[in-house]
1. Would you point out which residue out of G33, G56 is modelled with pLDDT of 90 or more and either within 25 Å of T106 (Cβ to Cβ) or within 26 Å of the chain's Cα centre (by Cα) (or both)?
2. Among the residues of the stretch 146-161, is there at least one that is surrounded by fewer than 17 Cβ atoms within 10 Å (Cβ to Cβ), touching a helix residue (DSSP H, G or I) at 6+ places or on another chain (Cβ under 6 Å), assigned to a loop (DSSP other than H, G, I, E, B) and modelled with pLDDT under 90?
Amino acid sequence: MSDAGPPPSGLTPADELERLLTGTHERIKADRGPLAWLRCRPTSQRFGMVLMGLAGLMALTLWRFQRPDFATYPALRMAITFSVYLVALALSIGELVRPLYTRGRTELFIVLTGALPLLVAALPAAARVEDAPTIGHGHDCIPVGMLAGFLLMLIVRAFDRAPRVGTGPALLMGNTAGLFANLVLMLHCPIDRPAHLLVTHALLGVALAALFKVLEPPRAARIRS
């Protein structure tokens, strides 16, 4: 059997590797500004800063756009649901900002982040001492949720050293944004009927994944950058 010989470009594998490393170092040197500084932080710091940014958005929701029945909604149910969402969100964000060379569980988190809003939507409406004031509410859930999810995607990408590409990462990013959208809507929307939660809350992750895939730059552009 004859030797395969050098690559068609005339470069040996060692030359190809050297050119790849040189190009990588040149891109790192050319990367300047606040985003470059943020992306150079250790993973734990980037993870913490992403969570701090999201916590600020939730605090803003409570301050300016709080649901009218927040004080009368069953506190235990709110605390449990919110905590479950928050833990799932933190785990998913940890997966999104981890270094590419570490072993991840993207498929597991896609299932987790996609199924959780559906499970919450299937719960019966909470029993209240008084009826929730729903007139004039619920019509803005989709735009508010889409805006919240879009902001999460911007924040995560700002801290991402090497953006993941493909259908799997797009689904994970969309589902994670959908989780955050559901957290924000839990603080904003007083309607907890299953039909409303399913149509306007739980399926936001699908819409956000599609949006992320549309906005994702073509592969050729990513290679050139």
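1. The unique qualifying residue is G56.
2. Among the residues of the stretch 146-161, at least one is surrounded by fewer than 17 Cβ atoms within 10 Å (Cβ to Cβ), touching a helix residue (DSSP H, G or I) at 6+ places or on another chain (Cβ under 6 Å), assigned to a loop (DSSP other than H, G, I, E, B) and modelled with pLDDT under 90, which makes the answer yes.
The values are calculated or read from the model by the stated rules, or taken from the named source; none is laboratory data. Computed from a predicted structure; not experimentally measured. Positions of Cβ are backbone-derived with ideal geometry, glycine not excepted, and every protein chain shown enters the neighbour counts.
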